[in-house]
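Accompanying notes for the structure given below.
The values are calculated or read from the model by the stated rules, or taken from the named source; none is laboratory data. From a predicted model like this one, the values you see are computed outputs, not experimental measurements. In this analysis, Cβ positions are derived from the backbone assuming ideal geometry, glycine residues included, and neighbour counts consider all displayed protein chains. Just the protein is used for accessible areas: all its heavy atoms, side chains included, with ligands, DNA and RNA removed. Shrake-Rupley method; radii C 1.70, N 1.55, O 1.52, S 1.80 Å.
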Amino acid sequence: MNENKKNSAECACGQLSLEIETAPVAQLVCHCSDCRKATGLPYVEIAFFEPSGCKSHGQSNKLTMKGGSGIDKTYYSCRECGSTLYATVGALNGAWAVIPSRLSPFVLEPHLHIWTSEKADGVEIPPSATQTLKGVPESVRDLFISTFFGKCLQPKQ
């Protein structure tokens, strides 16, 4: 996994940018219709980061939808060029889901392909890739819970 803890990202015109000071928690490829609608892409590569290590700069448009959990997720795109740069995921305690092709320096190392039940026609998934028909498998869900909710779930001392 990418060990680099400092990344930056920006939209196509540079007006909307991100500073990220944490390593990614997980990386995956999402085929859900929401991600496709928000980005205009046939699938979306995503790197998840803890929100406490992320900052945005510039003006953005917001598109809020109910996720598969029924909890809101909000996609942020540049007001000038329209490039979608990231989303915040309410079901993951506000985790930032960033489009890795916009990150620098960064090398995408996806764990799996999710929501393949909603995959766009003609999209080929490598046969060796781990796939799920819907959301993330239990092992990744456990990683998300321990990372994004771990501090909330720790017993008070």
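Could you work out [θ]222 nm for the chain from helices alone, using -39500 (n - 2.57) per DSSP H run of at least four and dividing by all its residues? Round to the nearest 500 deg cm²/dmol.
Working: 3 runs with 18 residues, N = 157.
Only helices count here, giving -2500 deg cm²/dmol.
Excluding ligands, DNA and RNA, the accessible surface per residue across the chain is 55 Å² with a 1.4 Å probe. Taking every C-alpha pair closer than 8 Å and separated by at least 6 residues, the mean separation divided by the residue count of the chain gives a relative contact order of 25 percent. At q = 0.10, 0.20 Å⁻¹, what log₁₀ I(q)/I(0) does a Debye calculation on the Cα points of region 53-143 give, no solvent, two decimals? The Cα Debye sum returns log10 ratios of -0.32, -1.27.
Annotation for S33 and S146: the two label points, set 7 Å from Cα along the Cα-Cβ direction, are 3.5 nm apart. Counted without the sites themselves, the longest stretch of the chain free of GluC sites (Glu not before Pro) in a DSSP loop having at most 12 other beta carbon atoms within 10 Å is 4-123. Comparing Cα centroids, region 1-79 and region 90-131 end up 11 angstrom apart.
Expressed as a whole percentage, what fraction of the accessible surface of the chain belongs to carbon and sulfur atoms when a 1.4 Å probe is rolled over the protein heavy atoms?
Numbers: 4240 of 8570 Å².
Reported share for carbon and sulfur atoms: 49 percent.
Sorting the Cα pairs of the chain by distance into bins of 5 Å, from 0 upward, gives 2, 9, 18, 23, 22, 16, 7, 3, 1, 0, 0 percent per bin. Taking all Cα pairs closer than 8 Å and separated by 6 or more residues, the relative contact order of region 1-71 comes to 31 percent. Any idea what % of Cα-Cα pairs in region 1-62 are farther than 13 Å? More than 13 Å apart: 69 percent of the Cα pairs in region 1-62.
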